[in-house]
Amino acid sequence: MFPQEHLDRAARALALAGDAGIRLATAETVTAGLVSACLTSVSGASRIFERGFVLYHDSAKATGLGVPEDVAAQHGAVSAEITHGLAAGALQHSGAGAAVAVTGYAGPGGGNAQNPVGTIFVAAARTGKPTLVERHVFPGDRNAVRLAAVGAAIDVLIKRLAS
């Protein structure tokens, strides 16, 4: 289902979390559970992966997992600030020690002048460390953008786990 490079990176993220003795959680909007599915495609993931949250409707993205409503009102439901809040919220609403969140516009609709279709925000939070947030703009159709978002989410998770 996923490209081998995604599975290899998922295995690395799981190994890093296992070595640190922590569990993982996800908070996904645009990928609707694909990051969780990629992580759990790796044998043995059930020892490390705890849970995933899918928040798809705009109202869920904007206020899910304890993100204050005014954050979305000020920055938009697809923003670095919302993604940061979702990653932090996934930590707070789970027993995980690290979490990754992803928001974005996969298309064909959505997007705006500042964040066009293909814009993806990923964030990785870890207890006791600052949250990392990245913005990417990926080309391609809806499925290509979503698959690229999975890779970006796992990559930022690895960065947070490795440092």
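The values are calculated or read from the model by the stated rules, or taken from the named source; none is laboratory data. Note that the structure is predicted; figures quoted are calculated from it, not measured. As a convention, Cβ positions derive from the backbone with ideal geometry for all residues, glycine included, and neighbour counts pool all protein chains shown. When the accessible area is computed, the model is the full protein with side chains, heavy atoms only, and any ligands, DNA or RNA have been set aside. Shrake-Rupley method; radii C 1.70, N 1.55, O 1.52, S 1.80 Å.
Does the range 15-26 include one or more residues that are of a type outside the set (D, E, K, R), in contact with a His (Cβ under 9 Å, 6 or more places away or on another chain) and either assigned to a helix (DSSP H, G or I) or open to solvent by less than 60 Å² (accessible area, probe 1.4 Å) (or both)? First the steps, then the outcome.
Taking the range 15-26 first, the residues of a type outside the set (D, E, K, R) are 15-18, 20-22, 24-26.
Of the ones still in play, those that are also in contact with a His (Cβ under 9 Å, 6 or more places away or on another chain) are 25.
Adding the requirement that they be either assigned to a helix (DSSP H, G or I) or open to solvent by less than 60 Å² (accessible area, probe 1.4 Å) (or both) leaves 25.
Scanning the range 15-26, I find at least one residue that is of a type outside the set (D, E, K, R), in contact with a His (Cβ under 9 Å, 6 or more places away or on another chain) and either assigned to a helix (DSSP H, G or I) or open to solvent by less than 60 Å² (accessible area, probe 1.4 Å) (or both), so the answer is yes.
Here is a list of conditions, (1) without any contact (Cβ under 8 Å) to a residue 60 or more places away in the chain; (2) in contact with a Gly (Cβ under 8 Å, 6 or more places away or on another chain); (3) more than 22 Å from Arg9 (Cα to Cα), and Gly89 meets all of them except one; can you say which number that is?
Result: Gly89 passes all but (1).
Could you grab me the full set of residues in the range 36-55 that are in a loop (DSSP other than H, G, I, E, B) and more than 12 Å from the chain's Cα centre (by Cα)? So that I can check it myself, show each step before the final result.
Taking the range 36-55 as the starting set, the residues that turn out to be in a loop (DSSP other than H, G, I, E, B) are 40-44, 48, 55.
Thr40, Ser41, Val42, Ser43, Gly44, Ile48, listed by residue number.
Taking the stated definitions as given, is Thr63 touching a helix residue (DSSP H, G or I) at 6+ places or on another chain (Cβ under 8 Å), assigned to a loop (DSSP other than H, G, I, E, B) and of a type in the set (Ser, Thr, Tyr)? Outline the logic, then answer.
Details: touching a helix residue (DSSP H, G or I) at 6+ places or on another chain (Cβ under 8 Å): yes; assigned to a loop (DSSP other than H, G, I, E, B): no; of a type in the set (Ser, Thr, Tyr): yes.
No.
Taking Ala60 and the conditions (1) at pLDDT 95 or above; (2) open to solvent by less than 60 Å² (accessible area, probe 1.4 Å); (3) of a type in the set (A, V, I, L, M, F, W, C), which numbered condition does it fall short on, given that it satisfies the others?
Ala60 satisfies all of (1) at pLDDT 95 or above; (2) open to solvent by less than 60 Å² (accessible area, probe 1.4 Å); (3) of a type in the set (A, V, I, L, M, F, W, C) except (1).
Looking at (1) modelled with pLDDT of 95 or more; (2) open to solvent by less than 50 Å² (accessible area, probe 1.4 Å), find the lone condition where His93 falls short.
With (1) modelled with pLDDT of 95 or more; (2) open to solvent by less than 50 Å² (accessible area, probe 1.4 Å) applied to His93, the lone miss is (2).
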